[in-house]
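The values are calculated or read from the model by the stated rules, or taken from the named source; none is laboratory data. Predicted model only: the values in this text are computed from it and were never measured. No Cβ is skipped: glycine too gets one built from the backbone with ideal geometry, and neighbour counts run over all protein chains shown.
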Amino acid sequence: MDLTRLLVRRAAWIFLASLSVAVLLASWRASADIRQENHGAREVARLLEALSGLQRGSTDALPQNLEALQAISRSEALRHLTFQIEDGQGQVLVPAASPIPAGEGGARLVLRREDGQTFNAVLIPDPLSEQREALADILGMTGLFLVYGLAMLLGSYWVVRRAFGPLRAILGAIAAFRRQDFSARLPRLPVRELDHVAGALNHLAEALGAAEARQKQLSVRLMTLQEDERARLALSLQEHFGQALTALRANVAYLLRRTAKDVSLQAAVRDMEAQALTLHQSLRGLLHQLQPVADALGEADRLAIGGLLEELVKSWQDARLPGREFHLDIHPGHLELPRETSLFVYRMTQEALANIARHADARKVAIELRVEAGDPAVLSWSVCDDGVGIVAPEAAIRHGNGLAGLRERIWALGGQLEVSPLSPGQARPGLRLSARLPLGSAG
């Protein structure tokens, strides 16, 4: 059903329901007015009967007739009319129920009895009664319109809420898409227009999900190719510069033996030996950075990640962050991961330590790697420091290459990088980088 027809149909039902309520209230009000009118007519009949008794009744019945007239006056049930009974000398026997306005004489009925007594019945119009009745009618109509309007508003609210209820599911799906969660799907919706929107969103989610999967595969492939290129570069360096430096050091050793008697040449050759050794060590460090997994292969092309991270931490502690306290926690202790995953975790940790060296001014660094059982199992990774922290993590990710590259690696592995202060509210809040990666996503 299309949205216009649905809204019109439900609005018609609400209109009929509200109209029925209004008719019921108007009927109840009319019944109340009819009852009041009947009661006033009966009181007028009682008044006429009492006046007739006062004129024609026996002398013994006069007190009873006057008492009946007083009861009628006190009841104030006469509609738009009040009365007063006087004797022949003008003395008031039954006062009016409400004060008689000045200058309002009313109509006088002279009641002459056969025994010679005379009574005057003064019938006076009561404008206050008319005003009260008009005010009651106005208030009644106002209340009726208020009830009708409230019923229409509530009905309209219900109609709109029910008609646009599926929008909540649509908004929820859009929110999931903004979080880059393209797995959400919308069911068939009862409103034709909204169902078309849901179908378009489902199609968009499928396309975005497929594009994201392809992009992740390309990112993983690109990073794998980078690692392969690093390995080839390391091999080329080893073949050319490594062999050349080995030959150079052999020649230097030969010169040291040949110049043992010449002190000046001996000093120059020893300086050459020291420089050659420094170059050789630098080359070894560069080769290890390019290909850290040369000797870490386990069974079935898996890597012992613990040894890799221990060597990485030691190199940073000795060379770039001397005097810092490092804590490495890996559980289980002999954890082996697929080669690609191990390399990615190694590069993630390397990038995190580089950020700490450049920006954190930290004294303590903690690296944690844990495998959480599940289907699939999840690899929990975190690097924490007690440094100066980051005021605006998102801005740092957008404007820097370190955290941006780290987030891209984690995203390619199917996780999300979380950046938060280690100790919020402190002068040195530190920083915590963490991610949860489904195992096997890099394979």
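Among the residues of segment 368-404, count how many are in a strand (DSSP E or B), closer than 23 Å to Glu227 by Cα and not polar (S, T, N, Q). Write out each step before concluding.
The first filter runs over segment 368-404 and keeps only residues in a strand (DSSP E or B), leaving 368-372, 378-385.
Within this subset, residues satisfying the condition of being closer than 23 Å to Glu227 by Cα are 369, 379-383.
Those still in the list that are not polar (S, T, N, Q) too: 369, 379, 381, 383.
Number of matching residues: 4.
Identify the single condition in (1) surrounded by 13 or more Cβ atoms within 10 Å (Cβ to Cβ); (2) closer than 21 Å to Arg347 by Cα that Leu245 does not satisfy, given that it satisfies every other one.
Result: Leu245 passes all but (2).
For segment 338-357, how many residues meet the condition of being farther than 17 Å from Ala231 by Cα, buried (at least 19 other Cβ atoms within 10 Å of the Cβ) and either modelled with pLDDT under 85 or among the small types (Gly, Ala, Ser) (or both)?
1
Ile14: part of a helix (DSSP H, G or I), out of contact with any strand residue (DSSP E or B) (no Cβ under 8 Å at 6 or more places or on another chain) and either in contact (Cβ under 8 Å) with a residue 24 or more places away in the chain or outside the structural domain of Leu153 (by TED's automatic domain parsing) (or both), yes or no? Break it down into steps so the answer makes sense when it comes.
On the way: part of a helix (DSSP H, G or I): yes; out of contact with any strand residue (DSSP E or B) (no Cβ under 8 Å at 6 or more places or on another chain): yes; either in contact (Cβ under 8 Å) with a residue 24 or more places away in the chain or outside the structural domain of Leu153 (by TED's automatic domain parsing) (or both): yes.
For Ile14, the condition - part of a helix (DSSP H, G or I), out of contact with any strand residue (DSSP E or B) (no Cβ under 8 Å at 6 or more places or on another chain) and either in contact (Cβ under 8 Å) with a residue 24 or more places away in the chain or outside the structural domain of Leu153 (by TED's automatic domain parsing) (or both) - is met.
Regarding segment 216-224, can at least one residue be identified that is in the same structural domain as Ala17 (by TED's automatic domain parsing), surrounded by fewer than 16 Cβ atoms within 10 Å (Cβ to Cβ), more than 34 Å from the chain's Cα centre (by Cα) and free of Cβ contacts under 8 Å to residues at least 60 places away in the same chain? Walk me through it before giving the result.
The initial filter retains those residues of segment 216-224 that are in the same structural domain as Ala17 (by TED's automatic domain parsing), namely none.
No, segment 216-224 contains no residue that is in the same structural domain as Ala17 (by TED's automatic domain parsing), surrounded by fewer than 16 Cβ atoms within 10 Å (Cβ to Cβ), more than 34 Å from the chain's Cα centre (by Cα) and free of Cβ contacts under 8 Å to residues at least 60 places away in the same chain.
Return the residues of segment 185-196 that are of a type outside the set (Asp, Glu), farther than 13 Å from Arg168 by Cβ and assigned to a helix (DSSP H, G or I); say none if nothing qualifies.
Arg192, His196
So that you can scan it fast, the table gives a plain yes or no per residue for (1) over 29 Å from Ala213 (Cα atoms); (2) aliphatic (A, V, I, L, M); (3) crowded, with 19+ Cβ neighbours inside 10 Å:
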residue	(1), (2), (3)
Gly389	yes, no, yes
Ala404	no, yes, no
Ala412	no, yes, yes
Gly415	no, no, yes
Pro421	yes, no, no
Arg428	yes, no, no
Arg432	no, no, no
Ala435	no, yes, yes
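I'm told Gln217 meets every condition in (1) part of a helix (DSSP H, G or I); (2) more than 28 Å from Tyr346 (Cβ to Cβ) except one. Can you identify the failing condition by its number?
In the conditions (1) part of a helix (DSSP H, G or I); (2) more than 28 Å from Tyr346 (Cβ to Cβ), Gln217 misses (2) alone.
Would a scan of segment 277-287 turn up a residue that is modelled with pLDDT under 75, within 18 Å of Glu340 (Cβ to Cβ) and hydrophobic (A, V, I, L, M, F, W, C)?
No, every residue in segment 277-287 fails to be modelled with pLDDT under 75, within 18 Å of Glu340 (Cβ to Cβ) and hydrophobic (A, V, I, L, M, F, W, C).
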